[in-house]
Amino acid sequence: MIYPNKPQIAMNKVANTWFIKYLKTQQLFQLDGSLATLWDLLLRFAKPSSNIKFMQQKFSAYYNQSTVAAKDFPHILQLLIKNNLVFMQDSNNSDSETFSDAKLVTTTKTNNILQSMLQKYTAAKKLIAADYEMTNRCNFHCLYCYNYAADLQKHSKNELAKAQITIMMQELAKAGVFFLTLTGGECTLAPNFEHALAAARENYLDITIFSNGSTITPQLIAIFNKYNVSEIKISIYGANENEYYQFTKRRNYYVKIRENLAALKTSGINVTTRIIVTALHNNVQNTISDLIALEIPFEIQTTIMPTIAGDTAPYKYLAKNQILTQLTQCGHIQKPNRSSLCNPGVTKFRILPDGTITACAMLRTALGNIKTAPIAAILANRTTKNVRKLVRKTQKQKLYLDAAKNMKATPCPALFLSTQQQK
């Protein structure tokens with residue numbers, strides 16, 4: 001038997017290039033030329049009854065029985081199998097003997113492929129990533145939160161139903177989306193959370209989950225593993241119980257979340273963290289030391305946003321320049337990289353709980369709603385195009401570039417626009 005390892009990969013095709021990620025190792029691959037051709041044929045023809053000879057015949061037929069294609073086939077197939085993209089279980093000894101002598105073909109690995117993806121997606125005018133803000137429900141009441149809903153039931157009435165989520169995931173894949181982030185609120189509290197995971201993986205999307213880490217249970221960890229979630233990113237709100245309570249207004253979570261981080265790591269899930277740094281956090285180095293001891297990767301987040309309603313009160317919690325300078329000098333805050341995936345409306349977009357599409361969490365101008373129009377049509381409409389023009393124009397402004405360079409503002413064009421509008 002020979003067939004693609006679909007359960008353990010994320011994939012999408014741009015023009016004639018396949019981008020594939022093996023989720024267990026987080027390796028990203030780019031298939032061009034005969035590699036892409038063989039992958040197309042495997043997806044189309046490979047079945048549990050297929051063997052190597054069957055697929056070699058299909059490959060040769062595609063190239064009009066070319067002897068060169070027939071000769072290259074085992075080398076190309078070997079590459080896919082060695083990198084866990086294709087599963088082979090064949091009892092035919094002659095097939096195995098012929099195949100075992102094939103030489104491994106080299107390919108570009110993850111380091112350069114992301115940039116190649118961005119270039120090809122840009123050329124094809126496709127967006128590579130999407131955030132799905134599943135719900136406003138949350139069990140924390142963080143002081144700085146832009147998404148806090150006092151009446152959770154009121155704000156949860158219009159969440160997407162299962163059938164709508166299923167259609168949305170299909171449309172995301174057709175639109176070219178590769179990377180999908182599930183967020184909230186606390187997305188694990190959404191009634192249709194597991195259904196969203198299943199629908200996303202049915203369409204081979206690469207899933208990252210943003211969570212506060214408080215809801216993690218053995219059952220939830222089993223669900224993450226079942227759907228081969230690519231990454232769980234946990235927000236960290238303090239270095240001790242008091243800091244957690246001061247910031248989230250919830251008690252007895254500091255130890256619980258440490259235990260949940262350890263459980264995620266032990267299960268083999270790719271768990272990372274975001275250390276939230278505000279004016280209230282004075283023990284950031286202790287938090288960093290804590291995560292280093294747990295051997296869990298971390299990044300620093302200093303972004304503060306206005307609330308959904310436009311209230312700028314959260315800005316008073318912006319971290320002081322002294323803290324930012326210290327973290328920068330220690331190498332914990334990197335210089336801005338404007339080629340990242342977070343380029344609102346240009347490389348990614350956001351879907352709100354009710355199906356409204358916006359450029360991102362900050363630029364919440366409604367571009368359309370998936371309940372009334374296909375995602376492809378929304379991403380091509382005039383409003384979306386105008387938002388993209390605004391983002392690109394902002395990124396070229398000297399004031400924006402200087403602010404990002406000096407670390408006085410986030411290299412986020414959406415936040416920069418919002419900050420300037422408040423002045």
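The values are calculated or read from the model by the stated rules, or taken from the named source; none is laboratory data. All values derive from a computational prediction rather than experimental measurement. Cβ placement follows ideal geometry from the backbone for every residue including glycine, while neighbour counts extend to all protein chains displayed. Calculation scope for accessible area: heavy atoms of the full protein, side chains included, ligands and nucleic acids excluded. Shrake-Rupley method; radii C 1.70, N 1.55, O 1.52, S 1.80 Å.
Laid out as a table, the results:
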{"quantity": "Carbon plus sulfur fraction of accessible area for segment 157-231, probe 1.4 Å, in percent", "calculated": "53"}
{"quantity": "Percent accessible area from carbon and sulfur atoms, segment 16-78, protein chains only, probe 1.4 Å", "calculated": "50"}
{"quantity": "Over 21 Å between alpha carbons, listed pairs K249/K348; K13/K265; K126/K174; K21/K174; K21/K389", "calculated": "K249/K348; K13/K265; K21/K389"}
{"quantity": "Heavy-atom accessible surface of segment 339-387: percent carbon and sulfur, 1.4 Å", "calculated": "57"}
{"quantity": "Surrounding net charge for Q170, when Lys and Arg each add one and Asp and Glu each subtract one, Cβ distance under 14 Å", "calculated": "+1"}
{"quantity": "Label point distance in nm, R382-Q89, each placed 7 Å from Cα along Cα→Cβ", "calculated": "5.7"}
{"quantity": "Where segment 187-300 is the region considered: accessible area per residue in Å², 1.4 Å probe", "calculated": "40"}
{"quantity": "Prolate/oblate/rounded label for segment 146-293 (Cα gyration tensor, a/c 1.5)", "calculated": "prolate"}
{"quantity": "For segment 344-398: accessible area per residue (Å², 1.4 Å)", "calculated": "46"}
